[in-house]
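What follows draws every value from the coordinates through simple rules; no lab data is involved. A quick note: this is a predicted structure, and the numbers were derived from the prediction, not measured. Every residue, glycine among them, receives a Cβ derived from its backbone with ideal geometry; neighbour counts consider all protein chains shown.
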Amino acid sequence: MTTTARSTTSPPVATPPRRKRPPLAPYLFILPYLLIFATFWAWPIVSSFLMSFKDSRLGAAAPYGLSNWSRLVQDEFFRTALRNTLVILVIQVPLMLSLATVLAVALNSKLLKAAGLFRFAFFAPLVVGTVAYSAVFRLLFNTDFGIVNRALTGLGLPAVDWLNQSGPAMSVLILAMTWRWTGYNAIILLAGLQGISEDVYEAAAIDGATPAQQFWKITLPLLRPTLLFCLVLSVIGTLQLFTEPALITNSGPGNSTMTLGTYLYQQGFRSFNFGYASAIAYTVAAIAAIFSVLQLRLFGREQ
Amino acid sequence: MKKALLTLSALLISSAAAQTNLSGTVTIWSWDVAAKALQSTVPGFNKKHPNVKVEVVDLGNQNVYDRGLAGCAAGGADMPDVYSIENGEAEVFWARFPDCFVDLNTLGANKIVNQFPAFKWTELTANGKRFAMPWDSGPVVMFYRRDLYQQAGINPNDIKTWDDYIAAGKKMNAKFGGNVKMGTIANGQDDEWFRMLANQNGCFYFDNAASQVTVARPGCVTALGTIKKLYDAKVVATGDWGGQITSFKAGKAASAMFGAWYEGTIRTNAPDQKGKWGVYLMPASRPGGPRASNLGGSALAIPSASKNKEAAFAFLQHALGSADGQVTMLKSQGLVPSLLSATRDPYVAQGQSYWANQKVWQTILGTLGDVPPSRGTQYFQDARQVMVVVQADYIKGKYKTAKEALDDAAKKISSATGLPIAK
C-alpha cells in the first residue's frame, strides 16, 4: 500500500538519491550465526584442505617422504577402497531403487488394505539403531550359528562362510543396506507418486492403456524428478558409506569390504594421520560432486 | 657435582617426607574391567595415604582414547590426573603430543625400572623419557580343553613345537571327524597369531628403534610360514574375536591361544566348562626354542596438566609398583601383573578351581622373563592393516613363499610410513 502510494507521488525527475548506508542492525543480528558458521563450518573446510598438504605424523620418527596427494595416487589400499565403494554403488543403488519403486507403486495401490501399517513396516528399518542392526546381521550370517546357514543346510545346500570370504561378505553388506534403505526411498517415491494427478491415469484408461503401459509411460516418466532425487542422495550416501562395513564386516576379510569411508576413518582416527585423511576426504567430496553433476546432466533434462 | 648430589638428596628427603602427608583428589580415566581392577586397589592405597581421595572414572575404552587425544590436542585441557593407555596405541601419543604427559623419571620412575620386565618399557619410553608405568601384560599361553584332548589321545605335555601341535591336530580331526579344531585363527580380520608368533621368534613389524621395517626378517617368515602350515594341515578354523568365543563355547575349539588376559574371557563366557580347561605353554618354532610371547597390555600415564602429580605417582606406585596392588587386581579381575615381584606372591602359586586346580598364574607369569621386546611404534595401525591383508592373501595362495609375501608386506608398510626396509 505504501509503496504504491509512494511510486505514484514520487516526482518525475528524481533528484540524485542520497546514498544511504546499508543499515547495520540486520547484520549485527546475523553476526552470531556468521561467526559460528565461519568457525565451525568454513574454517574446518579450509583447514582440512591445508592439512591435506602436511604430514600430520611428523614428530619422533622418520617423516613420510612424499606428500599425501602423491601417496594417494600410488596407494593400493585407496584404490581397493575406491573399487569396493564403486562396486557397491553399481550393484546396490540400482537394486535398491528398483525395489523401492515397485514397493512405492504397491503401497500406493488402492487395492492395498492397511496401507499405513505397511508404510510403517517398510520404513521401520531406518528407526533401528545402526549398531543394533549391524549386530543382528552379524549374527544372522554367522558361519556356524547363524540362521541363514541353518536354513541353507536345512534345505540341503552347503553352508557359506559369509563374513570370512570376500564375495559373500560383500553380498551381506549389499543385502543389509538394501534392507535398511529401500523403505526410506520407497516413502520418498510414494510422495512423488501421490503428486501425479489421477486425471492422467483416467485419461489413459479411457484410451485403453494397460496397467503395464500406464506404469512405463506415465508413472516412471512423471516420477523421474523424485527418482533423480533418490539417486543423487543414494550415490552420495554410498560414497560416504561407513557404518555397515565398519560394524558388520569390519572392512574385512582382508580389505575386501573396505570403503572410502572406513579407509578415511582408519587413517584419521586409528593411524592419526589427519593430513592423509583430509586428502581422502577431499577426494571423496570431489567424486561425489562429479557424480551429482553427471546424474543431473544425464537424467535431469527435459523436465 | 657434589652440590648437585646434595640438592638431589635434599629433594629426595623432602619428597619422602611429603609422601606421608599427600592430600587432594586423584582422578583416573579407565575402562570396564581395568577400571574395576584399579578401584579394587584404592582401599589398600588409602591405608598409606588416607588424605588422598581417588576417583576412578569408567569412560569405556574408546572414549578414554578419544578424549585423551582431544585433551592433548587442546594442550592438556580437561585431562585427569591418571590416564589409562594401551601399549599398542601408546606411541601415537608420545609422537604427536610429547608434552602432554609427565616424564615419570622426574618423579623417580628410573629407580623402579628393574622391577618390570624390559619388554614392558619399550613402548612406554621415547626420546629418553618414561611416559607411562607398565600395568598388566599379555604373556601368551595355550588354553586347552582337557576332556577333548584326552578323548583324542593327546597329551599336552608332548606338544613342544608347532609340528607337535599339527600332529596333535590331525589326531583331533581323526577323532571328531573335523568337527573339533585345535584352534580358531583370525584371518582377514586380524593378524594376532602372526604377531604372537613373530614376537616369539624375535621379530616384529618394526625394529625396536622404530627406524626400519623388519617384517620380512627370518623370525617373521617363520611365523607366517607356521600359520600357513596350520591352515594347510586343516587343524585350525577361521573366526574373528566373536567367532572364536562362540566356537569354544560350543565345544568346537579344543584350544585357544591368546594373551593371558583371555583367561577371564574363557572363564566368564563358558562357566559351564569349569574344570574342563587347562593351560600349557605356546609351542616353539624349533625344538628347544622360546615358548613365550606377548599380546596386548596397558599402562598408566600422568598428564602434564595434572595438579596433583605427586599423589598420582604415589597411586601408580601402589597400584602398579607394589605386589599388593598388582595381586589385588589379579584376584579381582584377572589382570596379569607385569611387576616381577608379583610373580612371587603366594596367590600366584595357588591352584585355580576353574582350571581344574592348575596353578595357571605360575605357568603364565613364568614366561614373562622370556618375552622378546617389540615395539608398536606410531605406525602400528598402518602396519597391521597391511599384515592382515598379506596374511589372508598368503593363506589363499597368492604368494609362493612366506618370504615373498612378507617382502611385499614390507614394501607396503614402507610406502605407508616412509620408513626404510631393513636389509
Quiz item: Rounded to the nearest 500, what is chain A's calculated 222 nm mean residue ellipticity when only DSSP H runs of at least 4 contribute -39500 (n - 2.57) each, over all residues?
Solution: -20500 deg cm²/dmol
Quiz item: How big is the stretch A:87-300 in terms of Cα radius of gyration and Dmax, in angstroms?
Solution: 20.2, 66
Practice problem: Apply the Karplus parameterisation 6.51 cos²θ - 1.76 cosθ + 1.60, with θ equal to phi minus 60°, to every residue of the stretch A:46-52 and state each ³J(HN,Hα) to the nearest whole Hz, in sequence, with x for glycine and proline. | Solution: 5, 5, 6, 5, 4, 5, 5
Exercise. Name the long-range amide H neighbours of B:Gln358: under 5 Å, sequence gap of 5 or more, or other chain; modelled H, no Pro or chain starts.
Key: B:Gln352
Exercise. Using per-residue counts of other Cβ atoms within 10 Å, averaged over each peptide, order B:268-274, B:48-54 from highest down.
Key: B:48-54, B:268-274
Quiz item: Sorted by average packing, counted as other Cβ atoms within 10 angstrom per residue and highest first, what order do B:58-68, B:185-195, A:181-191, B:23-33 take?
Solution: B:185-195, A:181-191, B:23-33, B:58-68
Exercise. Return the FRET efficiency for the residue pair B:Asp32, B:Asn357: r is the Cβ-Cβ distance, R0 is 25 Å, and the value is rounded to the nearest 0.05.
Key: 0.35
Practice problem: Name the long-range amide H neighbours of B:Thr238: under 5 Å, sequence gap of 5 or more, or other chain; modelled H, no Pro or chain starts. | Solution: B:Ile185
Exercise. Calculate the mean, over all residues of peptide A:250-258, of how many other protein chain Cβ atoms lie within 10 angstrom of the residue's Cβ.
Key: 6
Exercise. Could you work out, residue by residue across B:407-418, how many beta carbons of other chains sit within 10 Å of that residue's beta carbon, and then give the average as an integer?
Key: 3
Quiz prompt | Karplus 3J(HN,Hα) series, Hz, for the stretch A:236-242 with 6.51 cos²θ - 1.76 cosθ + 1.60 (x for Gly, Pro) | solution = 4, x, 5, 5, 9, 3, 9
Quiz item: In square nanometres, what is the average projected area of the Cα convex hull of the stretch B:139-191?
Solution: 4.5
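Determine, for B:Ser255, A:Ser234, B:Ser332, the number of other Cβ atoms within 10 Å of each Cβ, and report the residues in order from fewest to most.
Sorted ascending by nearby Cβ count, the order is B:Ser332, A:Ser234, B:Ser255.
Which peptide among B:98-104, A:219-225 comes first, and what is the full order, when sorted by highest mean count of other Cβ atoms within 10 Å?
Ranked from most to least packed, the peptides come out as B:98-104, A:219-225.
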Practice problem: Could you tell me which of B:Gly75, B:Asn110, B:Asn61 has its Cα farthest along the dipole of the stretch B:32-129 towards the positive end, charges placed at Cβ (Lys, Arg +1; Asp, Glu -1), taken about the Cα centre? | Solution: B:Asn110
Self-check item: Semi-axis lengths (Å, descending) of the ellipsoid that matches the C-alpha gyration tensor of the protein assembly as shown
Solution: 53, 39, 25
Practice problem: Take every Cα-Cα pair in chain B and report what % of them are more than 41 Å apart. | Solution: 18
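Rounded if a/c is under 1.5, else prolate if a/b beats b/c, else oblate: with a ≥ b ≥ c from the C-alpha gyration tensor eigenvalues square-rooted, which is the stretch B:158-299?
Because a/c hits 1.5 or more and a/b exceeds b/c, the stretch B:158-299 counts as prolate.
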Quiz prompt | Cα→Cβ-extended label distance, 7 Å offset, between A:Lys113 and A:Phe29, nm | solution = 5.6
Practice problem: Give the relative contact order (percent, whole number) for chain A; include only Cα pairs under 8 Å separated by 6+ residues. | Solution: 27
Quiz prompt | Whole-number percent relative contact order across chain B, with pairs defined as alpha carbons under 8 Å at least 6 apart | solution = 26
Practice problem: Work out from phi, with θ = phi - 60° and the Karplus expression 6.51 cos²θ - 1.76 cosθ + 1.60, the ³J(HN,Hα) of each residue of the stretch B:157-163, listed in order in whole Hz, and give x for Gly and Pro. | Solution: 5, 7, 8, 10, 10, 5, 5
Exercise. Could you work out how far apart the two model spin labels at A:Leu99 and B:Lys170 are, taking each label as a point 7 Å from the Cα in the direction of the beta carbon, and quote it in nm?
Key: 4.8
Self-check item: Label-point separation, B:Asn105 to A:Ser67 (7 Å along Cα→Cβ), nm
Solution: 3.9
Quiz item: Which cross-chain or sequence-distant (5 or more) residues have an amide H under 5 Å from the amide H of B:Val213, H modelled 1.01 Å from N in plane?
Solution: B:Ile421, B:Ala422
